[in-house]
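The structure under discussion appears below in the form of structure tokens.
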Amino acid sequence: MDRIRIKGGRQLKGDIRISGAKNAALPLMVSAMLSDRPLTLHNVPRLADITTMIQLLTQHGVEVSAVAGENGHAHGTTLVLKAGKITSTTAPYDIVRKMRASVLVLGVLLAREGQAKVSLPGGCAIGARPVDLHIAGLRAMGAEIDIDGGYLVARAPKGLRGARYTFPKVSVGATENLMIAAALAKGTTVLDNAAREPEITNLAECLAAMGVTVGGIGTETLTIEGGGALKAATHSVIPDRIETGTYAMAVAMTAGDVELVGGRLDLIETAAQTLRSAGVTLESTARGLRVQRTNGALHGVDVMTEPYPGFPTDLQAQMMALMTRAEGASMITETIFESRFMHVPELARMGANVTIHHESALVRGVPKLRGADVMATDLRASVSLAIAGLVAEGDTTLHRVYHLDRGFERLEEKLAACGADIERLKG
Ligand code: UD1
């Protein structure tokens, strides 16, 4: 298994190109299954999770072709997806266990084929992560769903019909599943208390480009007129706001000065405000945004994760890494996922001072971190250890890098190009 070795102490300076958002690309790829017309997606990142989704869609009968880097997306990939015929309505355990977002095929298979058998998902080991909201929403649209042998077995013999569904809790994945299903359901679907993440807006705009009428885009009430004819469409994946925020935190950690090319400050507004309070400068540029911490210390700031537009849970671990070196204390509260503090014992191995009280972690800044062998436990936790390694004295070796590869494209190359002493150790 690959490892990443980092020698701390270098400031980050230069440019980093931000990739397309994994979490936007995955549901967009699934929406290609809505019709037999091709969907062309630009700016798709090259990541293990995208490869897993290609595998999943291919075994459902989707033809996927990839064209590397064109249309100005030097590091993006254009995918053309064509679901002429669905050849299998089963999403097998072997693929779904690798990536939780696989459950997104449930709605589209039901809507198009009237049946689906989808393995219960695995994915990051952060809390229980049930799929009850996906199930309840699809049931409201007329689906019959049972669990049998670790699979969700779903049927909609008369097809899905539009319905009004109010999410009891905000869920990104369940909102996406229902939006995609609603595009083929007969009649109008109204989703209340829907997620408002930029990835949802990106999906809504793609559905609109395919010929679906979607109202309330960007609000917590989405209205989708289903059952109309769909057409071929071309759409671009938005820049990855989690990658943007992660590099902003890495730059802040090293007191560096980097332009995040292709990034969008408006997608990370809350995180940017938090970073500003901590003493970091962020400003929009013609090419993206610039992050600097050139004068002064980092200050401890409190953070609470919330659904968008709140502080994203996917940046919590990285923010904690940053706060380990701040002056003063920082209270970091995780409200979205239970068990999302698995990076804490690893940060502690590097000398961080963190105490967990239920869903909050009290981080007391320390004057220095020391390099250590550390273990990646999930996607976002792993990158927080890399951020800590950038300023730790001596070598940090990050094990189980496959977690990182699920969501960060060429991390070591991007950081090395800005001056970090970082390398991937193969095998
Ligand atoms: C998506 C993101 C993930 C991010 C998360 C929250 C993708 C591929 N992944 O995950 O990176 O951390 O949003 O921003 O886009 N829940 C239920 N029942 C359900 C579904 C969810 O109780 O049926 C709970 C979850 O356990 C969690 C909360 O709702 O506590 C939010 O989860 P959700 O927004 O659904 O996350 P994902 O879509 O899985």
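The values are calculated or read from the model by the stated rules, or taken from the named source; none is laboratory data. The structure displayed is predicted, hence computed values, not measured ones. With ideal geometry, Cβ positions are generated from the backbone for all residues, glycine too; neighbour counts draw on all protein chains shown.
A few notes on this one:
- Condition met for L265 (over 19 Å from P27 (Cβ atoms) and surrounded by 24 or more Cβ atoms within 10 Å (Cβ to Cβ)): no
- A count restricted to the range 31-67 and to residues that are in a loop (DSSP other than H, G, I, E, B) and closer than 15 Å to S19 by Cα stands at 3.
- Residues (more than 27 Å from M99 (Cα to Cα) and not in a strand (DSSP E or B)) located in the range 364-378: G365, V366, P367, K368, L369, G371, A372
- Of all residues in the range 170-183, those that are surrounded by fewer than 24 Cβ atoms within 10 Å (Cβ to Cβ) and of a type outside the set (G, A, S) total 2.
- For the range 294-346, a residue qualifies if it is more than 15 Å from the ligand (Cβ to nearest atom) and modelled with pLDDT under 95, and the qualifying residues are T294, N295, G296, A297.
- Top-ranked residue of the range 131-168 - restricted to ones that are among the aromatic types (F, W, Y) and outside any loop (DSSP other than H, G, I, E, B), ranked as farthest from the ligand (Cβ to nearest atom): Y151
- Residue list for the range 1-58, filter: under 28 Å from A255 (Cβ atoms), buried (at least 18 other Cβ atoms within 10 Å of the Cβ), more than 14 Å from the chain's Cα centre (by Cα) and of a type outside the set (K, R): I4, I6, G8, Q11, L12, I16
- Subset tally (residues that are hydrophobic (A, V, I, L, M, F, W, C) and within 19 Å of S171 (Cα to Cα)) for the range 306-343: 4
- Members of the range 350-398 found to be in contact with a helix residue (DSSP H, G or I) (Cβ under 9 Å, 6 or more places away or on another chain) and at pLDDT below 95, listed by number: M375, A376, T377, D378, L379, R380, A381, S382
- When residues of the range 91-124 are limited to those that are within 16 Å of the ligand (Cβ to nearest atom), among the basic types (K, R) and over 15 Å from T58 (Cβ atoms), the one surrounded by the fewest Cβ atoms within 10 Å (Cβ to Cβ): R97
- Criterion: hydrophobic (A, V, I, L, M, F, W, C) and either touching a Cys at 6+ places or on another chain (Cβ under 7 Å) or not in a helix (DSSP H, G or I) (or both) - qualifying residue of A348, A388, A361, A381: A361
- Counting only residues that are farther than 17 Å from V303 by Cα and either among the acidic types (D, E) or touching a strand residue (DSSP E or B) at 6+ places or on another chain (Cβ under 9 Å) (or both), the range 346-382 holds 19 of them.
- The single condition among (1) more than 19 Å from T324 (Cβ to Cβ); (2) touching a Ser or Thr at 6+ places or on another chain (Cβ under 6 Å); (3) surrounded by fewer than 16 Cβ atoms within 10 Å (Cβ to Cβ) that Y402 does not meet is (2).
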